[in-house]
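Peer 1: This is the structure, below, for whatever I ask next.
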Amino acid sequence: MNRALPLLAAAGLLAGCATTPTLTLLPTEEGKQGAVAVLEENGRPMETVVSELNSSTNLSGTPRTRSIDPAKMSARQRALLDSLPPAPVRLTLYFLEGTTELTPESQPGLAFLIKEVSERPGAEVQVTGYTDTLGDADANDRLSQQRAEEVLGVLAKHGIDPTLMSAVGRGERNLRVATPDGVSEAANRRVVVTIR
Amino acid sequence: MMRRAILTVLGLAIMAQPAWAEIGRIKRSVGATAVERGKAKLTPAPGFQLLPGDTLVTGKNGQMSLTFIDDTRFSVGPNSRISVDDFTYDRTAQSGSFVTRVNRGSLAVVSGQIAKSKPDAMKVRTPTSLLGVRGTRFIVEVSK
């Protein structure tokens, strides 16, 4: 019994510190499937696809994959995962036809954005404006840029550092709802704000 | 006079360059950390903007978290040396290429748009292997 303890401890140490480079594949945060392919090992081309979630694969010598118990990950691995930044968030705000005025329904979205930025040190805020297909393309390029800048301006007024933010207008490109030219479509009059 | 004007214009162009080339931002930096850019050794703080070619270095108690402009997220563990050898991203097409080299230490990754854009557009190199990332969350560990 006494003799077994040091042995167990030694086994734990071996498992805890990777002696050869190791890949640990995990499910995505949404629990989805993913894969990593080993394309080369010590200069030898190959294609060994690792798709078993909660697994460990050695990256030197022939890749071998074994299951791991995610509950028994090392403290270092857990700390590493816990330190991943939060997933970026994206919010779409809609505008009244031909204007840079937000629809009443989209107004509360601004408060959400301000809160998100304040909770994310080192945030990057990307504002992209769009229009529907009513009016000519050049005018819509300008309008979409103005929409993006309008939102950026409001966020700046609420204390978000403008140097964290960028605004671009994409006009009628990337319609959310496909329409022919010259069609008023509320779903296309929008600004998408991404906070990373 | 003319020459000064030209120099000023050049200066502006050079100053503006990093803003266009930004590939991601540091979100958290704890303990001994540095970003090596050419011969410069910079101290990252939240909001620090990364450029292609940057090397992330952490000491014994160092840790860094960062998010790239394609939504890829990194967590760098202690005693690490990790270089972003290549990063190109077209924000409109949401595609590009991304090569990271883990020389030593540990790196947790949640892949983003580049990995989604086409198979193996995102690669991770270790001293012994080359990995193609196909949209997932994973850890790579390389001991000294």
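The values are calculated or read from the model by the stated rules, or taken from the named source; none is laboratory data. Everything numeric here is computed off the predicted structure, so don't read it as measured data. All Cβ positions, even for glycine, are placed from backbone atoms using ideal geometry, and neighbour counts span all protein chains on display. These accessible areas exclude ligands, DNA and RNA; they are computed on the full protein's heavy atoms, side chains included. Shrake-Rupley method; radii C 1.70, N 1.55, O 1.52, S 1.80 Å.
Peer 1: Based on this model, can you work out whether residue A:166 counts as of a type in the set (Ser, Thr, Tyr), open to solvent by 60 Å² or more (accessible area, probe 1.4 Å) and under 23 Å from residue B:69 (Cβ atoms)?
Peer 2: The answer is no for residue A:166.
Peer 1: Additional query: Do we have any residue at all in region A:105-128 that's open to solvent by less than 30 Å² (accessible area, probe 1.4 Å), within 14 Å of another protein chain (Cβ to nearest Cβ) and closer than 20 Å to residue B:105 by Cβ?
Peer 2: No - not one qualifying residue is present in region A:105-128.
Peer 1: So, in region B:119-130, of the ones that are open to solvent by less than 20 Å² (accessible area, probe 1.4 Å) and touching a residue at least 12 places away in the same chain (Cβ under 8 Å), which residue ends up nearest to the other protein chains (Cβ to nearest Cβ)?
Peer 2: Going through the qualifying residues, I end up with B:126.
Peer 1: Any idea which of B:133, B:57 is within 12 Å of chain A (Cβ to nearest Cβ) and either in a strand (DSSP E or B) or out of contact with any Leu (no Cβ under 6 Å at 6 or more places or on another chain) (or both)?
Peer 2: Only one candidate passes the filter, namely B:133.
Peer 1: Would you pick out the residues in region A:172-196 that are of a type outside the set (D, E, K, R) and under 15 Å from residue A:92 (Cα atoms)?
Peer 2: Once the filter is applied, which keeps residues that are of a type outside the set (D, E, K, R) and under 15 Å from residue A:92 (Cα atoms), region A:172-196 yields A:174, A:175, A:177, A:186, A:187, A:188, A:191, A:192, A:193, A:194, A:195.
Peer 1: Could you say which residue among A:96, A:91 is of a type in the set (A, V, I, L, M) and over 26 Å from residue B:69 (Cα atoms)?
Peer 2: A:96
Peer 1: Oh, and also: Which of the residues belonging to region B:102-118 are of a type in the set (Lys, Arg) and either under 17 Å from the mean Cα position of the chain (by Cα) or surrounded by 17 or more Cβ atoms within 10 Å (Cβ to Cβ) (or both)?
Peer 2: B:104, B:116
Peer 1: Determine which member of the set B:99, B:30, B:76, B:57 is modelled with pLDDT of 95 or more, open to solvent by less than 10 Å² (accessible area, probe 1.4 Å), of a type outside the set (Gly, Ala, Ser) and out of contact with any Cys (no Cβ under 7 Å at 6 or more places or on another chain).
Peer 2: Result: B:76 is the single residue among B:99, B:30, B:76, B:57 that is modelled with pLDDT of 95 or more, open to solvent by less than 10 Å² (accessible area, probe 1.4 Å), of a type outside the set (Gly, Ala, Ser) and out of contact with any Cys (no Cβ under 7 Å at 6 or more places or on another chain).
Peer 1: Now for a different question. Tell me, which helices (runs of 4 or more DSSP H) lie completely within region A:73-158 with 3 or more residues that are farther than 18 Å from residue A:188 by Cβ and among the charged types (D, E, K, R)?
Peer 2: Hits in region A:73-158: A:75-82.
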